[in-house]
Amino acid sequence: MANLAKITCIEDLRRIAKLKVPKMFYDYCDSGSWTESTYRSNESDFQKIKFRQRVAVNMEGRSLKTKMIGIDTAMPVAIAPTGLTGMQRADGEILAAKAAERFGIPFTLSTMSICSIEDVAAHTSAPFWFQLYVMRDKDYIERLIDRAKAANCSALMLTLDLQVLGQRHKDIKNGLSTPPKPTLVNLLNLALKPEWCWHMLQTKRRTFGNIVGHAKGVGDMSSLASWTAEQFDPTLSWDDVEWIKKKWGGKLIIKGIMDKEDALHAADCGADSIVVSNHGGRQLDGAPSTITVLPDIVEALNNHSGQTEVWLDGGIRSGQDVLRAIALGAKGTLIGRSFLYGLGAYGLDGVTRSLEIIANELDISMAFCGHTNINHVNKDILIMNR
């Protein structure tokens, strides 16, 4: 086990992951669409929000424990669904799910994962969440939902902002594929990543485990690329959401909300929670950051019924970012790149270290703001409009 005591921030993990992970997969994680302006603002807009420091307050007995849709969590953070996680590190989804379970936070498996629903269920004991994309093949969607039920997934996270695919320049330039195509450039890059290659040789999980062998006509990689290009459904509507809600029958999280009108639609469709998310800046470049639209969406849902929780995704690189989101009304947050950097750097231990870093920063920053319980934090800890 690596000694990660001197890894003190998420940026440390990012730098190490960049050295260890093949370029096409690191770039897939660490990039946005078009000019990447939204990707960058997701991070930078957090830094504009300042804290009120308080003193002479009893800081003993602090607690980060809370609930997200009724599920106990060690802190208001869940691991977001991320595609190709098993290409940042071999068996990456399994490793991340194990780290989340041990830490006491929820893990979400992506439809576009390398390890399948069944793989993760077989290697963990805590129920995890499953993220669903809406495809044209409704029979495949029904079977995916049935598989998630069989795996005892405790919530379904429906992602709505991928009806069409945002253009990510780096993926095009790198010729992104899984596994990597044996081109000279790729082979030279892989030669510089011996640890990644060694781990990848130890596993058979090198393709999209939830799709290959499960979707009609997809028995190998040659047919997968055309299938995914054709299958994302541009006709997706709120009627589809209601159909999925009924088919699933359990707790429903709707991800990809950036507008208060859409938030109200989601609530009316029976969402237990919505995730304010712009897909990490990977879809509509030029959209605002998630933290800037959060307050209006929180207010709209509170005035509507107050029954649907609001979470935030995008740009979180520290416990301070989590604290800012909670102060502005979010009941929980999701992290993607922050755990992926840890995974690429050190596998399971790296994911654990990323969670430790965020929890430590959240705990100490909350104390400096005069609070000992994360559930009591509100916007009074922030200096607004200065």
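Going by what's in this entry, would GLU93 be described as farther than 21 Å from GLU242 by Cα and open to solvent by less than 10 Å² (accessible area, probe 1.4 Å)? Taking the combined requirement at face value, the residue satisfies it.
Determine whether the range 69-91 contains at least one residue that is assigned to a loop (DSSP other than H, G, I, E, B), at pLDDT 95 or above and hydroxyl-bearing (Ser, Thr, Tyr). Among the residues of the range 69-91, at least one is assigned to a loop (DSSP other than H, G, I, E, B), at pLDDT 95 or above and hydroxyl-bearing (Ser, Thr, Tyr), which makes the answer yes. Filtering the range 96-117 to residues that are surrounded by fewer than 24 Cβ atoms within 10 Å (Cβ to Cβ), without any contact (Cβ under 8 Å) to a residue 60 or more places away in the chain and part of a helix (DSSP H, G or I) leaves only GLU101.
Taking each residue of the range 287-300 that is more than 15 Å from GLU43 (Cβ to Cβ) and touching a residue at least 40 places away in the same chain (Cβ under 8 Å) and looking for partners that are of a type in the set (Val, Ile, Thr) and open to solvent by less than 20 Å² (accessible area, probe 1.4 Å) with beta-carbon atoms closer than 7 Å, six or more apart or interchain, yields ILE297/ILE257; ILE297/VAL276; ILE297/VAL310.
Answer yes if at least one residue in the range 197-205 is in a loop (DSSP other than H, G, I, E, B) and surrounded by 15 or more Cβ atoms within 10 Å (Cβ to Cβ), and no otherwise.
Within the range 197-205, the subset in a loop (DSSP other than H, G, I, E, B) is 202-205.
Filter once more, keeping what is surrounded by 15 or more Cβ atoms within 10 Å (Cβ to Cβ): 203, 205.
Looking through the range 197-205, at least one residue is in a loop (DSSP other than H, G, I, E, B) and surrounded by 15 or more Cβ atoms within 10 Å (Cβ to Cβ).
What number of residues in the range 305-354 are open to solvent by less than 10 Å² (accessible area, probe 1.4 Å), under 17 Å from SER110 (Cβ atoms) and part of a strand (DSSP E or B)? Residues that pass the stated criteria total 3.
Inside the range 279-304, residues that are open to solvent by 10 Å² or more (accessible area, probe 1.4 Å) and part of a loop (DSSP other than H, G, I, E, B) make up a count of 7. Taking GLU60 as the residue in question, decide whether it is part of a loop (DSSP other than H, G, I, E, B) and among the acidic types (Asp, Glu). So GLU60 fits the description; yes. A search for C-beta distances below 9 Å between a residue of the range 51-73 that is among the polar types (S, T, N, Q) and any residue that is loosely packed, with under 13 Cβ neighbours inside 10 Å and part of a strand (DSSP E or B), counting only pairs 6+ apart in sequence or on different chains, returns THR66/ASP72. For the range 119-132, the criterion of being buried (at least 19 other Cβ atoms within 10 Å of the Cβ), aliphatic (A, V, I, L, M) and part of a helix (DSSP H, G or I) is met by at least one residue.
Applying a threshold of 9 Å to beta carbon distances and a minimum spacing of six or more residues, or different chains, the list of pairs starting in the range 341-356 at a residue that is under 13 Å from ARG15 (Cβ atoms) and modelled with pLDDT of 95 or more and ending at one that is open to solvent by 30 Å² or more (accessible area, probe 1.4 Å) and of a type in the set (Asp, Glu) reads TYR341/GLU11; GLY342/ASP349.
When you check PHE368 against the structure, is it open to solvent by 40 Å² or more (accessible area, probe 1.4 Å), among the aromatic types (Phe, Trp, Tyr) and modelled with pLDDT of 95 or more, yes or no?
On the way: open to solvent by 40 Å² or more (accessible area, probe 1.4 Å): yes; among the aromatic types (Phe, Trp, Tyr): yes; modelled with pLDDT of 95 or more: yes.
Yes: the conditions hold for PHE368.
Taking the criterion of being among the charged types (D, E, K, R) and under 29 Å from ALA148 (Cβ atoms), would at least one residue in the range 45-52 satisfy it? Checked the range 45-52: no residue is among the charged types (D, E, K, R) and under 29 Å from ALA148 (Cβ atoms).
The values are calculated or read from the model by the stated rules, or taken from the named source; none is laboratory data. It should be emphasised that the depicted structure is a prediction, and the values quoted were computed from it without experimental measurement. Glycine gets a Cβ as well: all are built from the backbone with ideal geometry, and neighbour counts include every protein chain shown. Keep in mind that these areas ignore ligands, DNA and RNA; they rest on the heavy atoms of the full protein, side chains included. Shrake-Rupley method; radii C 1.70, N 1.55, O 1.52, S 1.80 Å.
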